[in-house]
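What follows is one structure encoded as structure tokens, with my remarks underneath.
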Amino acid sequence: MAAGGFAAFVAGGLLATGTLCPAYAQNAAAAASANVLEVELNALTPSQKGCMMTFVALNKLAAPVNKISFELALFNDKNAVDKITVLDFRDLPQGKKRVRQFDMPNVKCEAVTRILINDTPDCDGPAAGECMKGLVTRSQISVPFEG
């Protein structure tokens, strides 16, 4: 192959690689966002009983979730656990967003500085361990929400 032909061959290969890489990256990103269980802390609102917690959940796992509960640890401003509780999120169909609200008695919203999903004691539907393994958390408010 002549030097000019080789240069054209290499340039063509680089051009082809450059156009394939973004597609590969998009496919990898799509695969990474699949098979997850997204849970968002959406709001903490003072209520008559204490604190109303609002969550938004989206099941992107490979199977519907027939029943799921989350064990939450609520932290205070001293980074100490104030309360551990289990919340029943009921069912989470595949590909559907669900809003779940829980009125937490004797909890002051302003005292909650961080929330941690400690475990998923109930996870009926997906393979064992998939609910916790695929868990992705985020917070729409200033209180951090971790999984």
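The values are calculated or read from the model by the stated rules, or taken from the named source; none is laboratory data. Owing to the predicted nature of the structure, the values given are computational and were not obtained by experimental measurement. Please note: Cβ atoms are built from the backbone with ideal geometry, for glycine as well, and neighbour counts cover all protein chains shown. The protein model used for the area step is the full one, side chains on, heavy atoms only, and it has no ligands, DNA or RNA in it. Shrake-Rupley method; radii C 1.70, N 1.55, O 1.52, S 1.80 Å.
The accessible surface of segment 32-147, taken with every protein chain in place and a 1.4 Å probe, is 47 percent carbon and sulfur.
Label separation (residue 73 vs residue 146): 0.8 nm, computed from points 7 Å beyond Cα along the C-beta direction.
Taken along the Cα-to-beta-carbon direction at a fixed 7 Å, the label points for residue 124 and residue 35 span 2.5 nm.
May I ask you to list the trypsin sites (Lys or Arg not before Pro) in segment 44-101 that are in a DSSP loop and have at most 12 other Cβ atoms within 10 Å of their Cβ?
On the way: sites: 49, 60, 67, 78, 83, 90, 96, 97, 98, 100; in loops: 49, 60, 78, 96.
Answer in residue order: 49, 78, 96.
Rolling a 1.4 angstrom probe over the protein heavy atoms with all chains in place gives segment 92-147 an accessible area of 59 Å² per residue.
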